[in-house]
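Every read-out reported here was derived from the displayed coordinates using simple, explicitly stated rules and does not represent laboratory data. It should be emphasised that the depicted structure is a prediction, and the values quoted were computed from it without experimental measurement. As a convention, Cβ positions derive from the backbone with ideal geometry for all residues, glycine included, and neighbour counts pool all protein chains shown.
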Amino acid sequence: MLMVLRNKQGEESVREIRIKNLEMENDGDKSLTVFDKPRDVKGTAFLSFSHPVGADDQWLYLPALKRVKRIASRNKSGPLWGLSLLLKT
């Protein structure tokens, strides 16, 4: 999938991503988003476990830091659930 981001000046930045979803029978869905292009975000991944009741579980993997960061569910209202660092143009 391509994500096209446009700033106020109309300049575009394109992200190439892969998304995989797994529907769980007795719980919410699991979703994995992996950024493939451009090179500065390649390998960055976002994992989300949604739950019908209670807060979702979310993690962000940053390959440059070789680190996984848990994202608080209260941040879901932010740009792409805490992925704003990837969206800068």
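Of the GluC sites (Glu not before Pro) found in region 1-71, those that fall in a DSSP loop while having at most 14 other beta-carbon atoms within 10 Å are Glu11, Glu25. For the pair Leu5 and Trp59, a Förster radius of 22 Å applied to the C-beta separation gives a FRET efficiency near 0.45, rounded to the nearest 0.05. Here is the list for region 1-42: trypsin sites (Lys or Arg not before Pro) lying in DSSP coil, each with at most 16 other C-beta atoms within 10 angstrom of its C-beta, are Lys8, Lys42. With 0.36 nm allotted per residue and the present C-alpha distance subtracted, the His51-Val68 stretch has 4.1 nm of extension available.
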